[in-house]
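Chemist: Provided herewith is a single structure, encoded as structure tokens, for subsequent inquiry.
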Amino acid sequence: MNWYKFSSPKTFYPVAGSLAPYFLGVAGALLILGLYIAFFLAPTDFQQGEAYRIIFVHVPAAWMSMFVYLIMAGWSVVGLSLNSKLSYMMAQALAPTGAIFTFLALVTGSLWGKPMWGAWWVWDARLTSELILLFLYVGYMALHSALDDVRRADRATAVFALVSAVNVPIIYFSVKWWNTLHQGASVSLTQAPAMAKIMLMGMLIMSISFWMYTIGVALLRLQCIIAEREREIIWMNEAQRSE
Amino acid sequence: MKIAGILQALLWRDIKLAMRRQSDVVATLFFFVVAVSLFPLGIGSAPSLMHAIGPGVIWVAALLSSMLSLNRLFSSDYADGTLEQLLLVPMPLTLILAIKIFAHWIVAGLPLVILAPILGLQFDMGAKDIGILVLSLILGTPLLSLIGAIGAALILGMRGGGVLLAILVLPLYIPVLIFGAGAVTASVNGISPEGALSLIAAMLTLGVVFAPFAAAVALRISLE
Amino acid sequence: MLKVRALECRRGASLLMSDFNMSLEAGQLIHLQGANGTGKTSLLRIISGLSTQETGKVLWNDVDIRTAREDYSSNLIYIGHQPAIKDDLTVLENLTVSLKLNGVKVDIKRLEEALEVVGLARRKNLPARVLSQGQRRRLSLARLWLDQRPLWILDEPFNALDVQANKLLEERLDQHLVSSGMCILTSHHTPNIDKKLLTEVSLGL
């Protein structure tokens, strides 16, 4: 099988379209299963009561937010080294989903924080890192939309994704260090209750569901991006011909 | 010998150009002072408060003023076509940019370091703490120029690039801010600042090695 | 010898040229012609190594210029649309810096002679911002009298030049070609040099 064939946007377009529904279907099914475990099977926590159940969304969303950024950086490396358009498009298609997961992790984190700590926002190391990650996603998307020339936008955002992805662990480490300097070991989301097997299962299923959702949505968005770029080329050629 | 001559000529050129436009340099410095002075006016000036916020305020202001001057790094060379010529200099672009970033630090970063002790006095810092402040800025401001150069190269020639530059660069500045201000805060609180300082030094080493290269890649992309 | 092989060039989504071939030999001048927007400047930028093409190759002595960038750069003088002059430096400083950056030994007497030739000797200590468009162009061209390199790539070198400077540049081009230099340039009018040395290339579909 010739894999290179699929690296051309035109041939990948129908493939993306036919694969996406399967991924989204699996994502939906797993989401229902995961939420069922979260709400009905997982036991009530004796310290935190029912409020802790939000971790079934919060933790997988936080995982995804980090993974997606790394994957974007990965596609950027592929794009820059092989100069393949599809890789750049892939990175571009993933960014909004990653940003949504980051946002979701922040919102669920603060919803969890209110009953736990009595405040909507605490400068917990993980939440703060997550917030900075959201800034990076926003920067990535802002850079892409600000550059009119697609070729430049693709490659410039790839450089940014790479540079910032290298920074993500440094940022995380520095924020953790900062947290201990200023607050001592006070509040932290790591102090979740010891996990029952069923809870771990629930979280795992939710993560897989999020993965499938990410892939499905990225494929659909990829189709939009390909169509948009093709249209521009066709439109330009027609305009040239009619001159 | 030839390489050294070329690099020397470039350094001389950039510093000379900055000296002929002193108002830019002075304006950035003035911004630094004004920004720092705003905080006590907004928060109040109780001595304990000054001790607590001083390091952070000075570092945040240094970060913002060094970001303000980033635009100058490439934009005027881009506008008059000399940047194209720099790309054609028979020498790795990475090396050229390393020199340009160094020149930028001399005219935009070093003055902040020199001015910082006076601002430290405003926040009632002791001599030892001021020493740490200066040291943290000496290690940290070059890093700001290095990271900022990548951002400046990415947004080259864009309309309204200034705001975008801030969005791109400020999140990447956060570790520098944390360890820079952290070192001084630690010193003010009587803890050893050594750990934070050596972490900045480590980041600076990484930055010197990788940032000019990344900036060179970004610059070539922007100049296509 | 410079060769361009099967070059494809795009600006944004529109195709400027495809399968473009060209070669330039010692003692030859190529005059690129074409209406506005046919990609003359884009082509010159690709040939000089400032931009990269989607497909195709530019070869200098049969080596791809992307693999031997620095060696290639040291054989070439590119003078673009913008004269690449710093307003805040004096005329003499501008010339000195541009030579030093290219690793040319600066001999102040020769510098002054070159400025004399291009008619800027009396203004050598003035900041470049007081120069007119034509004088800026003269200043950026002054390098051609000081820096010996085989390949010249000139984007509209005659722009803003008066009749006398026009003639001066044509003479210099002639000299360069006779001593087996090469040149590729864009211009609205055909340069008045020995027809045997001149090749016309037209762009545009």
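Chemist: Residues of segment C:144-202 being in contact (Cβ under 8 Å) with a residue 40 or more places away in the chain and among the charged types (D, E, K, R), which ones?
Modeler: C:D147, C:R149, C:D155, C:E156, C:E200
Chemist: While we're looking at this one, here's another question. If you go through segment C:115-131 one residue at a time, do you hit one that is within 18 Å of C:G80 (Cα to Cα), within 10 Å of chain B (Cβ to nearest Cβ) and part of a helix (DSSP H, G or I)?
Modeler: Yes, segment C:115-131 has at least one match.
Chemist: Every residue in segment C:151-205 that is open to solvent by 50 Å² or more (accessible area, probe 1.4 Å) and among the aliphatic types (A, V, I, L, M), please.
Modeler: Listed by number, the residues that qualify are C:A160, C:V163, C:V178, C:L205.
Residues are listed down the side, and each one gets a yes or a no for (1) of a type in the set (K, R); (2) open to solvent by 10 Å² or more (accessible area, probe 1.4 Å); (3) out of contact with any Cys (no Cβ under 9 Å at 6 or more places or on another chain); (4) in a loop (DSSP other than H, G, I, E, B):
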| position | (1), (2), (3), (4) |
| --- | --- |
| B:G54 | no, no, yes, no |
| B:I58 | no, no, yes, no |
| B:A61 | no, no, yes, no |
| B:S66 | no, no, yes, no |
| B:T94 | no, yes, yes, no |
| B:K100 | yes, no, yes, no |
| B:I106 | no, yes, yes, no |
| B:P111 | no, yes, yes, no |
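Chemist: Which numbered condition in (1) open to solvent by 10 Å² or more (accessible area, probe 1.4 Å); (2) part of a helix (DSSP H, G or I) is the only one that B:S45 fails?
Modeler: (2)
Chemist: I would also like to ask the following. Output the residues belonging to segment C:126-143 that are surrounded by 15 or more Cβ atoms within 10 Å (Cβ to Cβ) and in contact (Cβ under 8 Å) with a residue 40 or more places away in the chain.
Modeler: Result: C:P127, C:A128, C:L131, C:R136, C:R137, C:L139, C:S140, C:L141, C:A142, C:R143.
Chemist: Being modelled with pLDDT of 90 or more, in contact with a Pro (Cβ under 9 Å, 6 or more places away or on another chain) and buried (at least 18 other Cβ atoms within 10 Å of the Cβ) is the filter; apply it to segment A:135-169 and report the residue that is nearest to B:I147 (Cα to Cα).
Modeler: A:S164
Chemist: Here are the criteria: (1) within 11 Å of chain B (Cβ to nearest Cβ); (2) modelled with pLDDT of 90 or more; (3) closer than 26 Å to A:R152 by Cα. Tell me which single one C:H81 does not satisfy.
Modeler: So the condition that C:H81 fails would be (2).
Residues are listed down the side, and each one gets a yes or a no for (1) within 14 Å of chain B (Cβ to nearest Cβ); (2) surrounded by 20 or more Cβ atoms within 10 Å (Cβ to Cβ):
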{"residue": "A:V15", "(1), (2)": "no, no"}
{"residue": "A:S18", "(1), (2)": "no, no"}
{"residue": "A:P21", "(1), (2)": "no, no"}
{"residue": "A:G25", "(1), (2)": "no, no"}
{"residue": "A:A38", "(1), (2)": "no, yes"}
{"residue": "A:P43", "(1), (2)": "no, no"}
{"residue": "A:E50", "(1), (2)": "no, no"}
{"residue": "A:A61", "(1), (2)": "no, yes"}
{"residue": "A:V77", "(1), (2)": "yes, no"}
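Chemist: Can you tell me which of C:R66, C:R5, C:R10 is in contact (Cβ under 8 Å) with a residue 12 or more places away in the chain, within 13 Å of another protein chain (Cβ to nearest Cβ), out of contact with any helix residue (DSSP H, G or I) (no Cβ under 7 Å at 6 or more places or on another chain) and assigned to a strand (DSSP E or B)?
Modeler: C:R10
Chemist: Follow-up question, since we're still on this one. Filter segment C:32-78 for residues that are aliphatic (A, V, I, L, M), open to solvent by 20 Å² or more (accessible area, probe 1.4 Å) and either under 15 Å from C:V4 (Cα atoms) or assigned by TED's automatic domain parsing to the domain that holds C:S98 (or both) and give the result.
Modeler: Answer for segment C:32-78, where residues must be aliphatic (A, V, I, L, M), open to solvent by 20 Å² or more (accessible area, probe 1.4 Å) and either under 15 Å from C:V4 (Cα atoms) or assigned by TED's automatic domain parsing to the domain that holds C:S98 (or both): C:L59, C:V63.
Chemist: Quick one: is A:W178 crowded, with 19+ Cβ neighbours inside 10 Å, more than 7 Å from chain B (Cβ to nearest Cβ) and aromatic (F, W, Y)?
Modeler: For A:W178, the condition - crowded, with 19+ Cβ neighbours inside 10 Å, more than 7 Å from chain B (Cβ to nearest Cβ) and aromatic (F, W, Y) - is not met.
Chemist: Taking only segment A:36-52 into account, find how many residues are in a helix (DSSP H, G or I) and without any contact (Cβ under 8 Å) to a residue 60 or more places away in the chain.
Modeler: Counting residues in segment A:36-52 that are in a helix (DSSP H, G or I) and without any contact (Cβ under 8 Å) to a residue 60 or more places away in the chain gives 3.
Chemist: Within segment B:195-224, track down each residue that is closer than 30 Å to C:I47 by Cα and more than 11 Å from chain A (Cβ to nearest Cβ).
Modeler: Matches in segment B:195-224: B:P212 only.
Chemist: Quick check, is A:W117 under 23 Å from A:E232 (Cβ atoms) and either at pLDDT 90 or above or surrounded by fewer than 19 Cβ atoms within 10 Å (Cβ to Cβ) (or both)?
Modeler: no
Chemist: Can you tell me which residue among C:L151, C:L89 is touching a Cys at 6+ places or on another chain (Cβ under 9 Å) and either over 19 Å from B:I6 (Cβ atoms) or not charged (D, E, K, R) (or both)?
Modeler: Being touching a Cys at 6+ places or on another chain (Cβ under 9 Å) and either over 19 Å from B:I6 (Cβ atoms) or not charged (D, E, K, R) (or both) holds for just one of C:L151, C:L89, which is C:L151.
Chemist: Further, regarding this structure: Restricting the first residue to segment A:72-92 and requiring it to be in contact (Cβ under 8 Å) with a residue 24 or more places away in the chain and closer than 19 Å to A:G216 by Cα, which pairs with a second residue that is of a type in the set (S, T, N, Q) and open to solvent by 10 Å² or more (accessible area, probe 1.4 Å) meet a Cβ separation below 6 Å and a spacing of at least six or different chains?
Modeler: If the second residue must be of a type in the set (S, T, N, Q) and open to solvent by 10 Å² or more (accessible area, probe 1.4 Å), the pairs left are A:L86/A:S7.
Chemist: Here is a follow-up. Suppose the filter is in a strand (DSSP E or B), in the same structural domain as C:Q175 (by TED's automatic domain parsing) and surrounded by fewer than 21 Cβ atoms within 10 Å (Cβ to Cβ); does C:A26 pass it?
Modeler: No, not satisfied.
Chemist: Only residues that are part of a helix (DSSP H, G or I), at the interface with chain C (Cβ under 7 Å from one of its Cβ atoms) and open to solvent by 60 Å² or more (accessible area, probe 1.4 Å): list them for segment B:1-27, please.
Modeler: B:K2, B:R20
Chemist: Okay, moving on. Take B:I138 and decide whether it is part of a helix (DSSP H, G or I), closer than 30 Å to B:L87 by Cα, open to solvent by 50 Å² or more (accessible area, probe 1.4 Å) and away from chain A (no Cβ under 11 Å).
Modeler: For B:I138, the condition - part of a helix (DSSP H, G or I), closer than 30 Å to B:L87 by Cα, open to solvent by 50 Å² or more (accessible area, probe 1.4 Å) and away from chain A (no Cβ under 11 Å) - is met.
Chemist: Just to verify a result, which residue in segment B:68-82, among those that are within 20 Å of B:I106 (Cα to Cα) and in a helix (DSSP H, G or I), is farthest from the other protein chains (Cβ to nearest Cβ)?
Modeler: Here the answer is B:L68.
Chemist: Being touching a helix residue (DSSP H, G or I) at 6+ places or on another chain (Cβ under 8 Å) and either outside any helix (DSSP H, G or I) or crowded, with 24+ Cβ neighbours inside 10 Å (or both) narrows it down to one of B:L146, B:L170, B:L164, so name that one.
Modeler: B:L146
Chemist: Cβ-Cβ distance below 7 Å, separation of 6 or more or different chains: which pairs start in segment A:128-144 with a residue that is closer than 10 Å to A:I171 by Cβ and more than 7 Å from chain B (Cβ to nearest Cβ) and end on one that is assigned to a helix (DSSP H, G or I) and open to solvent by less than 10 Å² (accessible area, probe 1.4 Å)?
Modeler: These pairs meet every condition: A:T128/A:V175; A:S129/A:I171; A:S129/A:V175; A:L133/A:S65; A:L133/A:Y69; A:L133/A:T102.
Chemist: Quick one: how many residues across segment C:87-106 are in a loop (DSSP other than H, G, I, E, B) and either more than 8 Å from chain B (Cβ to nearest Cβ) or open to solvent by 10 Å² or more (accessible area, probe 1.4 Å) (or both)?
Modeler: So the answer is 7.
Chemist: OK, next. Out of the residues in segment B:184-194 that are at the interface with chain A (Cβ under 10 Å from one of its Cβ atoms) and touching a Gly at 6+ places or on another chain (Cβ under 9 Å), which is farthest from B:G56 (Cα to Cα)?
Modeler: So, considering only residues that are at the interface with chain A (Cβ under 10 Å from one of its Cβ atoms) and touching a Gly at 6+ places or on another chain (Cβ under 9 Å), the one farthest from B:G56 (Cα to Cα) is B:A186.
Chemist: May I pose another question? Quick one: A:F67 ticks every box in (1) within 14 Å of chain B (Cβ to nearest Cβ); (2) part of a helix (DSSP H, G or I) bar one, so which box is it?
Modeler: (1)
The values are calculated or read from the model by the stated rules, or taken from the named source; none is laboratory data. It should be emphasised that the depicted structure is a prediction, and the values quoted were computed from it without experimental measurement. We place every Cβ from the backbone using ideal geometry, glycine too, and count neighbours over all the protein chains shown. Note: accessible area is taken over every heavy atom of the protein model, side chains too, but ligands, DNA and RNA are not part of it. Shrake-Rupley method; radii C 1.70, N 1.55, O 1.52, S 1.80 Å.
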